[in-house]
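This report refers to the structure that appears directly beneath it.
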Amino acid sequence: MRTIVLATCVAAALLVAGAPATMAADVTIPPYMRTVLANGATLLIMPRHDVPLIAFTAILRGGSAVETGDAAGVASITAGLLEKGAGARDAFAFADTVEGAGGSFNAAASSEAILVSGQFLAHDRDLMVGLLADALLRPHFAASEFDSLRNRRIESIRAAKDSDPSGLIRSYGRAFLFANHPYGRAAGGSERSLAAITRDDVLAYYRANFGADRLTLIVAGDVDSAALTRSVEAAFAGWARAATPLPALAAPANVTGRRVLLIDQPGAAQTYFWLANTGVARTFADRAPLEVVNTLYGGRFTSILNTELRIKSGLSYGASSGFVRGSVPGEFAISSFTQTDTTAEAIELALATLAGLHEHGVTDDMLASSRNYVLGQYPLQLETASHWVGALAELEIYGLDRSYIEGYGRAIEAVDQQSAQRVIKEAFPLPENLVVVMIGDAAKVRAAAARYGPVTEMPLAAPDFDAPPKARPVR
């Protein structure tokens, strides 16, 4: 394995360093009201009268983590159908009403929640509340819309496999890393699981997991809090609690040693690779040093990873790293791609950067650069009503307190060598403890894959993201 001395990346890092950080601009959460309604729903309202707009996010706790049996993707299909006809409006009328008001209305599922978000003009407040109440309480789940949406999702996966499978590697990777844990289930489903889902599955998911006690509605913008509260109470007063309790989510285990999943794409000119292990949860105490160090390692153009794999060696057009932090630990992953004949060289170099991070740490100059970068970006993420809706949603979903936002700047300023070394040791996996996931021409990269541990192979054409149970590691 090549040894990377991290100091070689200091010059590139300082290109964006600017002057040393002095005092972070404090970010204070604007005043907002939090109310728990009689039926168990939670309402947060943040008045902001700078522009005549209202942004909202409705959080339905559960998501794909509460799917049962072999129905991966049913939460995503359920979410997608919420805007395809509800109340007195069919799919066309619902979309026409939103568009006619100049608004937006979108629903999607994640591992732990279904999120419905949008934005309307302030004078359309009651229309916004009415549309949301219709979607959540009175969705049509029309058979024709179900068939159309499910078929489009299947075709989208097939099209990605035929053209650019890079967007699918995380689904393969999470299935391989987390196995039977809910995080291993692709939130959008696979070709096979989607094809097996019926409208009855959607109705069953809805009946079990939709209810007032699962709902947190967050609204920010040009609103009168008292009037909006009355409107929401009237619209959702008749909604009962969900039929099933929200189950606790267990923490996934860390991987010890290395194992490889090779997804065969015959004739591929490139190999996509994803190197990962279980990381940390959203409540991880050292969030600030974690984000400073990951920015240096793989979170920006001048990062260590991108400098080595793209700028210096030319092995890739891009390489990055990141943590997915849920209510329990998600993954830390390195992702990149390279030409087929340089597959082993690129993976070796990525592993060498991770080894170098553990061996050499980062320099004071690099820390100063990253602190300035993160501090410069952070206030830009909290400017609009939509930004604040998202920020409050994060606090609510993960049970975080105000200091997560208000103390962040000071925490970033306080990142030093001691805290950086601590998170490198605690959160960044050692290169010998990783799953290695590759999409490429197996005939040409099989030998390279075998260098990193027992190899399990599956064809890209297979209709699932997880290797079939009968698959056995091969050498």
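DSSP bridge analysis restricted to the chain gives an antiparallel fraction near 75%, rounded to the nearest 5. Counting only DSSP H runs of at least 4 residues, each contributing -39500 (n - 2.57), and dividing by the residue count of the chain, the helix-based mean residue ellipticity at 222 nm comes to -11500 deg cm²/dmol. Cβ-to-Cβ counts within 10 Å put 387, 140, 49 in ascending order as 49, 387, 140, the fewest first. Between residue 360 and residue 313, the simple spin-label model (points 7 angstrom out along Cα→Cβ) gives 1.4 nm. Amide H to amide H, with H built 1.01 Å from N, residue 270 comes under 5 Å of 340, counting only residues 5 or more places away or on other chains. Rounded to whole numbers, the Karplus 3J(HN,Hα) couplings from phi for region 281-289 are 7, 4, 7, 3, 5, 9, 4, 4, x Hz, using 6.51 cos²θ - 1.76 cosθ + 1.60 with θ = phi - 60°, and x at Gly and Pro. Contact order for region 33-236, expressed relative to its length and based on alpha carbon pairs under 8 Å spaced 6+ residues apart, stands at 40 percent. Averaging Cα coordinates gives a centre for region 261-338 and one for region 346-385; these two points are 12 Å apart. Ordering 281, 398, 136 by Cα displacement along the dipole of the chain toward the positive end leaves 281 in first place; charges were set at the Cβ atoms of Lys, Arg (+1) and Asp, Glu (-1). The relative contact order of the chain, computed from alpha carbon pairs under 8 Å that lie at least 6 residues apart in sequence, is 25 percent. Between residue 200 and residue 284, the FRET efficiency from the beta-carbon distance, with R0 = 51 Å, is close to 0.80. Calculation over all alpha carbon pairs of the chain in 20 angstrom steps from 0 returns a P(r) of 22, 51, 26, 0 percent.
Label-to-label distance for residue 138 and residue 28 is 4.3 nm, based on points extended 7 Å past Cα in the beta-carbon direction.
Close amide-amide hydrogen proximity is noted between residue 223 and 48, each under 5 Å apart and 5 or more residues distant or on a separate chain (H modeled in the peptide plane; Pro and chain starts excluded). Taking other Cβ atoms within 10 Å as a rough exposure proxy, 134, 364, 464 sort from fewest to most as 364, 464, 134.
One decimal place: the segment residue 230-residue 251 gains 3.6 nm when fully extended, by the rule 0.36 nm per residue minus the C-alpha distance. Provide the FRET efficiency to the nearest 0.05 for the residue 240-residue 96 pair, computing r from the beta carbons and using R0 = 30 Å. Once the sixth-power term is evaluated, E becomes 0.50.
Among the trypsin sites (Lys or Arg not before Pro) in region 216-286, those placed in a DSSP loop whose Cβ has at most 15 other Cβ atoms within 10 Å are 241.
Every number here is computed from the coordinates shown, using simple stated rules; none is lab data. Quick caveat: nothing in here was measured; it's all calculated off a predicted structure. We place every Cβ from the backbone using ideal geometry, glycine too, and count neighbours over all the protein chains shown.
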